[in-house]
Amino acid sequence: MNYFLLIDGHALIYRAYHAFPDLTAPDGRLVNAVYGFSRIMLTALRNFDPEYAAVAFDHHAPTFRHQLDETYKAQREDMPQELVDQLEPIKQVVEALNIPQFELAGYEADDLIGTLARQAEKLVNRRKLDLSVVIVTGDKDSLQLVNDVVHVWMPARGKKQVAAEYDRAAVVKKMGVAPGQVVDLKALMGDSSDNIPGVKGIGAKTAAVLLQAFGNLDRLYKVVDGLDDDGKLPPRVGPSPDRLSRSPDRLSAPTDRLSAPQRSALKPAVVSKLCAGREAAYQSQQLAAIVTDVPIKLDLEMCRVTAYHKDRVLELFDRLGFMSLVKLLPPDTFETELQEALF
């Protein structure tokens, strides 16, 4: 199995900045985020030994999500200047490794990653490639992208945690819902870290139960819209219960008879919250969904990991004081060709 690593630059930068102690270069510059980012990226490269890799960064301009909701991420403080000053050397490390960088105004890094992942997935299916796409990030939002081709790898956070790779089963175990339901989970429960409101009073557990019972936000609200003032469904006029149980996705009318788990999930208090929070739920759904059709194009050959010259990286690491990371560097073009010639 070959791998294509898609690295969420900004997610790893913030994780590295907060996770690693203050570290200065020989010239006195603070480089803790540069070191942490480089270490995480090189560890991922070593662990997966990928054929291809790319890095995506956030653009400084506001995104379409800020146009949808001006309070989106409004509670977050601006990036501290000591971290801003480390962005350029981080990009220099990526450039020295000859790993393509993607950044586009109006979109976040995970939108670029989502788009590249879906384009790579199409290549895998069309060309029958033995290739798995692995998203390297610390952001759970990327779990919505997981499928048979795309996995998510989250690096360890601190000494007591281990890195984790998420396939479909792992997402269900962690989130309580399938990858395709993660967006609607956030639509219902919200996300305080991104200032996504969700439905007031609906937490993670209740949101998961609702999605387990109804599948997605549209089907949930289709049923809620059919309830009378007492929170009950009118007499059934749709398919028989037996037919509905055989085809749960074909909930064609809000008057269909519900299963026991569905009735249990729609407690009066929950219905009241859903009715009051309908607009917030659908706005949150838009904010939470990763865009997978950003106007960028994947050139897989340009993402080959081995096409770099180690001397440039060694010079940069020497200036930054990162010589302890040299052992994590992947083979460069010369080393790869030499190994192939010998063996």
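The values are calculated or read from the model by the stated rules, or taken from the named source; none is laboratory data. Model, not experiment: these values are computed from the prediction. A quick note on method: Cβ atoms are made from the backbone with ideal geometry, for glycine too, and the neighbour counts reach across all protein chains shown.
Miscellaneous remarks
- First in the range 286-313 and farther than 21 Å from Q181 by Cβ, second anywhere and exposed (fewer than 14 other Cβ atoms within 10 Å of the Cβ) and among the aliphatic types (A, V, I, L, M), Cβ under 9 Å, 6 or more apart: K310/V326; V313/V326
- Filtered residue count, the range 1-40, keeping only those that are touching a strand residue (DSSP E or B) at 6+ places or on another chain (Cβ under 6 Å) and either outside any strand (DSSP E or B) or free of Cβ contacts under 8 Å to residues at least 40 places away in the same chain (or both): 2
- Residues being among the basic types (K, R) and either within 25 Å of I40 (Cβ to Cβ) or in a helix (DSSP H, G or I) (or both) - total across the range 175-203: 1
- Filtering the range 96-145 to residues that are within 13 Å of the chain's Cα centre (by Cα) and hydrophobic (A, V, I, L, M, F, W, C) leaves A109, L112, I113, L116, A117, V133, V134, I135, V136, L143, L145.
- Residue pairs meeting the criteria (Cβ under 7 Å; at least 6 apart or on separate chains; first under 10 Å from L143 (Cβ atoms), in the range 173-191; second surrounded by fewer than 21 Cβ atoms within 10 Å (Cβ to Cβ) and of a type in the set (F, W, Y)): none
- Exclusive hit being touching a residue at least 60 places away in the same chain (Cβ under 8 Å), touching a strand residue (DSSP E or B) at 6+ places or on another chain (Cβ under 9 Å) and more than 28 Å from D22 (Cα to Cα), set D139, D111: D111
- Selection count, the range 291-316, where residues are part of a loop (DSSP other than H, G, I, E, B) and farther than 30 Å from A25 by Cα: 9
- Any hit, the range 138-148, residues being hydrophobic (A, V, I, L, M, F, W, C) and over 27 Å from E77 (Cα atoms): yes
- Filtered by the rule that a residue be out of contact with any Phe, Trp or Tyr (no Cβ under 6 Å at 6 or more places or on another chain), of a type in the set (V, I, T) and closer than 17 Å to A56 by Cα, the range 1-44 gives I7, V34, I40.
- Y3 being modelled with pLDDT of 95 or more and either among the aromatic types (F, W, Y) or farther than 28 Å from K128 by Cβ (or both): yes
- With respect to (1) of a type outside the set (S, T, N, Q); (2) in contact with a Ser or Thr (Cβ under 9 Å, 6 or more places away or on another chain); (3) free of Cβ contacts under 8 Å to residues at least 60 places away in the same chain, the lone exception for L145 is condition (3).
- Among residues that are out of contact with any Leu (no Cβ under 8 Å at 6 or more places or on another chain), assigned to a helix (DSSP H, G or I) and under 24 Å from R278 (Cα atoms), V172 is not included.
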